[in-house]
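Peer 1: Structure provided below as structure tokens; questions to follow.
The values are calculated or read from the model by the stated rules, or taken from the named source; none is laboratory data. A quick note: this is a predicted structure, and the numbers were derived from the prediction, not measured. Neighbour counts run over all protein chains shown; Cβ positions are idealised from the backbone, glycine included.
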Amino acid sequence: MNIDFTTATFKDFENIPDLDMMERASIYYDFLDYMKSNGHRYRLQNNTGCSSVMSVTAGNATKEFISFVTSDYLGFTQHPKVKQAAIEGIEKFGAGTAATPLIGGYYSYHNDLEEKIASFFGRKQEEAVIFTTGYTANSATLQILLQKEDIAIVDMAVHASVYEGCILTNRKTFPHNNLEALEQILKTSENQYRTKLVVVDGVYSQDGDTAPIEEIYHLVKKYNAYLMVDDVHGVGILGKTGRGTIENTGLLDKIDIITGTFSKTFGNLGGYVIANKKLTNFIRFQSRQQIFSATTPPPTATGIIKAIELIDEEPQWRMKLWDNINYFKKGLDDMGLDTGTTCSAVIPVKIGDPHITGDVGRLLLGHGIYTNPIIYPAVARKDARIRMSMTATHEREHLDKTLNAFEDIKNKMHIAKK
Ligand code: PMP
């Protein structure tokens, strides 16, 4: 079996029919060597903590870069009060839980965290379930709620964790944010499946655009379906008080299931599900990932609790983030670069061609700027882009330096809006 390394993506190695696991891994190992020898980077190493300026090792060189690769939107990974809360958590409770929640691994700080995230959304503690990652919050929830008699109807741009959650059930996808296509699927599914659950993201992770939540909600209810919103990239950023994409629609207490992460705005690790108490208790005591797997360790839980409080206590971080987003996006737009339909802290510079996108990423590194070139299969083959996450810890000088670098690269490479 020959794979053309010059055009291959990691998806090509997922399954190769004639090769056993060792042979497949071996070809993949050769591919990684090929990538390396051609100057491609597949993983850089950050040597300092998460920040808007990071020491990064690329190949043999270690340098300081202005970073746009983390989702530490409000800078809470380094907030002194969050760090202090984590230290107090470890001092009071130790390092880990050493058991799964149902057999001795459920502690008072888990209860406190459930209560804190539930009340953040105006709910009671019982209406929140916490998971070790946002990925698991999505995949475990879908896996336990939907079976072969049911259907998940998903926007095609949802996160990989949603797709994984659908492996035990039926799934139909609709083109991104296309309400006619969604309605068509809802109509044809109406009497065919037991449960119909529509799944969308609040903010989409590659384009930074939002779902039209109100319209989707009304459609879903018209056809007696349920709605799940993964708002990983919206919470802490959007909404009058930072409750996310749903807040300004007034539907926070009406969406059937809201899922999220503690690894972005809250600067830590973990995931959560907010729903009606009957659903949350079903997930809590039935999902295999809850029953057979340990959950959040003490410093993580106590750090997250402080980070949640800071959303209300220190709204200045959200204000600064928005100043940065508006300033930077305007700079890119004025230059004639294509930032698509973003309305969040995720800003793509859409280039199209994956090879040119890779080159732009490398040139940016040369300017001391660390971004993520995103290519297929994360986005469509001809929709490659440089993806940047803005944070409240970026300073004007970081943004100006990056805009100047884009100007220079744009002129050199003749990049223009299509
Ligand atoms: N949903 C979306 C939209 C995401 O972008 C991510 C993270 N990339 C996740 C879920 C998973 O979150 P976590 O990193 O906490 O597993």
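Peer 1: For the structure I just gave you, tell me whether G331 is under 30 Å from K401 (Cα atoms), more than 16 Å from the ligand (Cβ to nearest atom) and small (G, A, S).
Peer 2: On the way: under 30 Å from K401 (Cα atoms): yes; more than 16 Å from the ligand (Cβ to nearest atom): yes; small (G, A, S): yes.
Taking the combined requirement at face value, the residue satisfies it.
Peer 1: Sort through R381, R387 and tell me the only one that's modelled with pLDDT of 95 or more and of a type in the set (D, E, K, R). Please lay out each step first, then the result.
Peer 2: Details: R381 fails: modelled with pLDDT of 95 or more.
Answer to the selection: R387.
Peer 1: Turning to a different aspect of this structure: Just the residues that are of a type in the set (G, A, S) and free of Cβ contacts under 8 Å to residues at least 24 places away in the same chain, please, taken from the range 24-55.
Peer 2: In the first step, residues of the range 24-55 are kept if they are of a type in the set (G, A, S); the result is 25-26, 37, 39, 49, 51-52, 55.
Answer for the range 24-55, where residues must be of a type in the set (G, A, S) and free of Cβ contacts under 8 Å to residues at least 24 places away in the same chain: A25, S26, S37, S55.
Peer 1: Is it the case that some residue within the range 272-289 is under 19 Å from R318 (Cα atoms), assigned by TED's automatic domain parsing to the domain that holds I103 and surrounded by 24 or more Cβ atoms within 10 Å (Cβ to Cβ)? Outline the logic, then answer.
Peer 2: In the first step, residues of the range 272-289 are kept if they are under 19 Å from R318 (Cα atoms); the result is none.
No, every residue in the range 272-289 fails to be under 19 Å from R318 (Cα atoms), assigned by TED's automatic domain parsing to the domain that holds I103 and surrounded by 24 or more Cβ atoms within 10 Å (Cβ to Cβ).
Peer 1: Which of the residues belonging to the range 1-16 are in contact (Cβ under 8 Å) with a residue 24 or more places away in the chain and not in a loop (DSSP other than H, G, I, E, B)? Reasoning before the result, please.
Peer 2: Here is the first cut: in the range 1-16, the ones in contact (Cβ under 8 Å) with a residue 24 or more places away in the chain are 1, 3, 5, 9-11.
Hits for the range 1-16 are F10, K11.
Peer 1: With the requirement that a residue be more than 21 Å from T342 (Cβ to Cβ), assigned to a strand (DSSP E or B) and among the charged types (D, E, K, R), what does the range 168-218 give you?
Peer 2: If the condition is that a residue be more than 21 Å from T342 (Cβ to Cβ), assigned to a strand (DSSP E or B) and among the charged types (D, E, K, R), then R171, K172, K196 are the ones that fit.
Peer 1: Any chance the range 278-294 includes a residue that's within 30 Å of L403 (Cα to Cα), in contact (Cβ under 8 Å) with a residue 12 or more places away in the chain and either within 15 Å of the ligand (Cβ to nearest atom) or not in a helix (DSSP H, G or I) (or both)? Quick ask: steps written out before the conclusion?
Peer 2: Narrowing the range 278-294 to residues within 30 Å of L403 (Cα to Cα): none.
No, the range 278-294 contains no residue that is within 30 Å of L403 (Cα to Cα), in contact (Cβ under 8 Å) with a residue 12 or more places away in the chain and either within 15 Å of the ligand (Cβ to nearest atom) or not in a helix (DSSP H, G or I) (or both).
Peer 1: For the range 8-48, give me each residue that is hydroxyl-bearing (S, T, Y) and more than 27 Å from the chain's Cα centre (by Cα). Quick ask: steps written out before the conclusion?
Peer 2: At the first step, the residues of the range 8-48 found to be hydroxyl-bearing (S, T, Y) are 9, 26, 28-29, 34, 37, 42, 48.
Within the range 8-48, S26, Y29, Y34, S37 qualify.
Peer 1: Something else about it: Looking at the range 96-135, which of its residues are within 16 Å of the ligand (Cβ to nearest atom) and assigned to a helix (DSSP H, G or I)? Walk me through how you get there before you give the answer.
Peer 2: From the range 96-135, those within 16 Å of the ligand (Cβ to nearest atom) are 113, 117, 128-135; that's our starting set.
Of everything in the range 96-135, those that are within 16 Å of the ligand (Cβ to nearest atom) and assigned to a helix (DSSP H, G or I) turn out to be L113, I117, G134, Y135.
Peer 1: When only residues in the range 159-174 that are of a type in the set (D, E, K, R) and more than 11 Å from the ligand (Cβ to nearest atom) count, which is nearest to L186 (Cα to Cα)? Break it down into steps so the answer makes sense when it comes.
Peer 2: Narrowing the range 159-174 to residues of a type in the set (D, E, K, R): 164, 171-172.
Those still in the list that are more than 11 Å from the ligand (Cβ to nearest atom) too: 171-172.
Values: R171: 12, K172: 10 Å.
Within the range 159-174, the match that is nearest to L186 (Cα to Cα) is K172.
Peer 1: Go through the range 65-95 and give me each residue that's surrounded by 19 or more Cβ atoms within 10 Å (Cβ to Cβ) and in a helix (DSSP H, G or I).
Peer 2: V82, A85, A86, G89 - these are the residues of the range 65-95 that are surrounded by 19 or more Cβ atoms within 10 Å (Cβ to Cβ) and in a helix (DSSP H, G or I).
Peer 1: When the residues of the range 355-392 are narrowed to those that are β-branched (V, I, T) and under 19 Å from the mean Cα position of the chain (by Cα), which ends up nearest to M413 (Cα to Cα)?
Peer 2: I386
Peer 1: What are the pairs with Cβ atoms under 6 angstrom where one residue, in the range 188-214, is more than 12 Å from the ligand (Cβ to nearest atom) and the other, located anywhere, is among the hydroxyl-bearing types (S, T, Y) and not in a loop (DSSP other than H, G, I, E, B)? Sequence gap at least six, or different chains.
Peer 2: K196/S189; L197/Y226; I213/T249; E214/T249
Peer 1: Going through the range 367-399 one residue at a time, which ones are touching a residue at least 40 places away in the same chain (Cβ under 8 Å) and of a type in the set (D, E)? Lay out the reasoning, then the answer.
Peer 2: At the first step, the residues of the range 367-399 found to be touching a residue at least 40 places away in the same chain (Cβ under 8 Å) are 367-372, 374-379, 385, 387-396, 398-399.
Residue satisfying the conditions is E395 alone.
Peer 1: Further, regarding this structure: Would you call K222 more than 16 Å from the ligand (Cβ to nearest atom) and among the basic types (K, R)? Step through it out loud before you land on a result.
Peer 2: Working: more than 16 Å from the ligand (Cβ to nearest atom): yes; among the basic types (K, R): yes.
When the stated conditions are applied, K222 passes them.
Peer 1: Sticking with this one: So in the range 144-158, with the set limited to residues that are farther than 15 Å from S287 by Cα, over 19 Å from the mean Cα position of the chain (by Cα) and buried (at least 17 other Cβ atoms within 10 Å of the Cβ), which one is nearest to the ligand (Cβ to nearest atom)? Talk me through it step by step, then tell me what you get.
Peer 2: Here is the first cut: in the range 144-158, the ones farther than 15 Å from S287 by Cα are 148-158.
Imposing the further condition that a residue be over 19 Å from the mean Cα position of the chain (by Cα) reduces the set to 148-153.
Pick out the ones that are also buried (at least 17 other Cβ atoms within 10 Å of the Cβ) and you get 150-153.
Values: D150: 21, I151: 21, A152: 15, I153: 17 Å.
Only one residue tops the list, namely A152.
Peer 1: Let me ask another. Name the residue, out of A85, A58, that is closer than 18 Å to T265 by Cα, touching a residue at least 60 places away in the same chain (Cβ under 8 Å) and not hydroxyl-bearing (S, T, Y). If you could, list the steps in order and put the result at the bottom.
Peer 2: Details: A58 fails: closer than 18 Å to T265 by Cα.
Only one candidate passes the filter, namely A85.
Peer 1: For the structure I just gave you, tell me whether N224 is in a loop (DSSP other than H, G, I, E, B) and modelled with pLDDT under 95. Let's see the steps before the verdict.
Peer 2: On the way: in a loop (DSSP other than H, G, I, E, B): yes; modelled with pLDDT under 95: no.
Here the answer is no, as N224 does not meet what is asked.
Peer 1: Which members of the range 243-264 meet the condition of being away from the ligand (no atom under 11 Å from the Cβ) and buried (at least 22 other Cβ atoms within 10 Å of the Cβ)?
Peer 2: Here is the first cut: in the range 243-264, the residues away from the ligand (no atom under 11 Å from the Cβ) are 243-258.
If the condition is that a residue be away from the ligand (no atom under 11 Å from the Cβ) and buried (at least 22 other Cβ atoms within 10 Å of the Cβ), then G244, T245, I246, I255, I257, I258 are the ones that fit.
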